Amino acid sequence: MQRILVPGRNGQVGWELQGALAPLGTVIGLDRSGMDLTSPDSIRRAIRDAKPDAIVNAAAYNDVDRAESKPDLAMKVNGIAPGIMAEEAKRLGAVLIHYSTDYVFDGERDEPYVEEDTPRPVNAYGRSKLAGEHAIAAVGGRYLILRTSWVYSARGSNFVLTVLRLAREKPELAMVDDQSGSPTWARSLAQATAGLLRKRDLIRDHSGTYHFSADGHVSRYEFAEAIIRIMREFTGQPDGWARVKPIASSEYPLPARRPLNPVTSKDKVRRTFAVEKSHWEAQLRALLAELAAVKPT
């Protein structure tokens, strides 16, 4: 049985990881008070106290727009902290699993990116996440960097919950139709991560970077339409939902530029670890089925 340290326990992925990893051993979840990712001393102390066999880093600075005005903070959390975790993991002989993002790419090509393609982030968030990847790889040891995409869950702040709320409050939602991604349910991500940790020998022999999001891809506009369509089906309430209107990114300016098509190929992780990822719509249906079953009190 393993001792598994999970920084970021209260986040979308961290919350799901605690359940998914429990059958593998003792899960030690830490929030910001237990590990301050802006403090190298706090990171080192928390890991040395826990003495884990594996670290699954679910903590990150994920506010893409605010990272533009706080690049130093984003870099501390996303760029520097993962390297310190890698150093401590290597010292202990522990496995490190770290989540990165498809936002390390500029999204300007038509075909899916593979792991060997050169990253070219277009915003501060992407640059900070790429710095974290480089820091981990420079340390070496046994590690996996998993690039995921458009993570959502039943908790926290995310696109799915925002669409569900606004679709009942507004008659029309404007959604960009020129940005594509692979929406990934946090629970599916956590369960697949648990599957990887069951293959520690393979991680030792195949440390590196892997694309690790749901299969398929969709635009923000198409994703919002799917969320509303499926929820109408599950709730049996066809009326009272917003109409979704497609717009270009230029019509919805934000502080951070988004890559338009950072879609990734998942072939490498399938070949190496025999990990099968379900389609984005299947994952969305699973979450919405749970949400539709919850009765208001």
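All of the numbers you see were taken from the coordinates with simple rules; none came from a lab. If you're wondering where the values come from, they're calculated on a predicted model, not measured in any experiment. Note: ideal-geometry Cβ built from the backbone for every residue, glycine included; neighbour counts use all protein chains shown.
Could you give me the radius of gyration and the Dmax of the stretch 62-215, taking only the C-alpha atoms into account and expressing both in angstrom?
16.8, 56
How would you order 123-129, 264-270, 75-81 from highest to lowest mean count of nearby Cβ atoms within 10 Å?
Working: 123-129: 25.7, 264-270: 18.3, 75-81: 22.0.
Those peptides, ordered most packed to least, come out 123-129, 75-81, 264-270.
Ordered by packing density, taken as the mean number of other Cβ atoms within 10 Å over each peptide's residues, highest first, how do 249-260, 38-49 rank? Mind showing how you got there, number by number?
Numbers: 249-260: 14.5, 38-49: 16.4.
Final packing ranking: 38-49, 249-260.
I'm spelling it out carefully: the read-out is mean projected area of the Cα convex hull in nm², the candidates are (1) 17.0; (2) 18.2; (3) 15.4, and one was derived from this structure. Which label?
For mean projected area of the Cα convex hull in nm², the calculated option is (3).
Taking only the C-alpha atoms, wrap a convex hull around the stretch 182-276 and report its volume per residue in Å³ as a whole number.
Working: hull volume 13.1 nm³, N = 95.
Measuring per residue, one finds 138 Å³ for the Cα hull of the stretch 182-276.
Run the reach check for Lys90 against aspartates and glutamates, Cα to Cα strictly under 19 Å, same-chain hits fewer than 8 apart removed. What comes back?
Output for Lys90: Asp41, Asp49, Asp53, Glu133, Asp201, Asp205.
Which order do the peptides 210-220, 107-117, 226-236 come out in when sorted by mean C-beta neighbours inside 10 angstrom, highest first? Don't skip to the end; give the middle numbers.
Values: 210-220: 22.1, 107-117: 13.6, 226-236: 16.5.
Ranked from most to least packed, the peptides come out as 210-220, 226-236, 107-117.
Using the Karplus curve 6.51 cos²θ - 1.76 cosθ + 1.60 with θ = phi - 60°, work out ³J(HN,Hα) for each residue of the stretch 147-163 in order, rounded to whole Hz, and write x for Gly and Pro.
Couplings: 8, 10, 7, 6, 6, 9, 6, 7, 9, x, 10, 7, 4, 4, 5, 5, 4 Hz.
Whose amide H sits under 5 Å from the amide H of Val244, counting only residues 5 or more places off or on another chain, with H placed in the peptide plane?
Amide H neighbours of Val244, under 5 Å, 5+ apart: Leu173.
In whole Å, how far is the Cα centre of the stretch 248-296 from that of the stretch 81-151?
Cα centroid of the stretch 248-296 versus Cα centroid of the stretch 81-151: 18 Å apart.
Pairs to check: Lys245/Lys268; Lys129/Lys266; Lys76/Lys277. Give those whose C-alpha atoms are more than 24 Å from each other in this structure. Spell out each step's value before the answer.
Details: Lys245/Lys268 36 Å; Lys129/Lys266 19 Å; Lys76/Lys277 31 Å.
Over 24 Å apart, Cα to Cα: Lys245/Lys268; Lys76/Lys277.
I want the antiparallel fraction of DSSP beta bridges within the chain, as a percent rounded to 5. Display every interim value, and only then the final one.
On the way: 2 of 34 bridges.
Bridges in the chain are about 5 percent antiparallel.
Just report the Cα centroid separation between the stretch 12-47 and the stretch 190-219, whole Å.
19 Å
Given H placed 1.01 Å from N in the peptide plane, which residues other than close sequence neighbours of Ser100 have an amide H under 5 Å from its amide H?
When sequence neighbours closer than 5 places are left aside, the close amide H contacts are Leu146, Arg147, Thr148.
How large is the helix-only mean residue ellipticity at 222 nm for the chain, computed as the sum of -39500 (n - 2.57) over DSSP H runs with n ≥ 4, divided by its residue count, in deg cm²/dmol to the nearest 500? Kindly include the intermediate steps, with their values, before the conclusion.
On the way: 12 runs with 123 residues, N = 297.
Estimated from H runs of four or more residues: -12500 deg cm²/dmol.
Just to be sure I understand: with springs between alpha-carbon atoms less than 10 Å apart, which residue in Gly14, Gly93, Gly141 has the highest mean-square fluctuation in the Gaussian network model of the chain?
Taking springs between Cα atoms under 10 Å, the residue moving most is Gly93.
For the stretch 82-132, what is the charge dipole size about the Cα centre, in debye to the nearest 20, if Lys and Arg each add +1 at the Cβ and Asp and Glu each add -1 at the Cβ? Write down the numbers at each step before the final one.
On the way: 6 positive and 10 negative charges, 81 e Å.
Here the stretch 82-132 has a charge dipole of around 380 debye.
From the phi angles alone, apply the Karplus equation (6.51, -1.76, 1.60; θ = phi - 60°) to the stretch 94-100 and give each ³J(HN,Hα) in whole Hz, x where the residue is Gly or Pro.
Each residue's phi maps through the Karplus curve to give 8, 8, 10, 10, 10, 9, 10 Hz.
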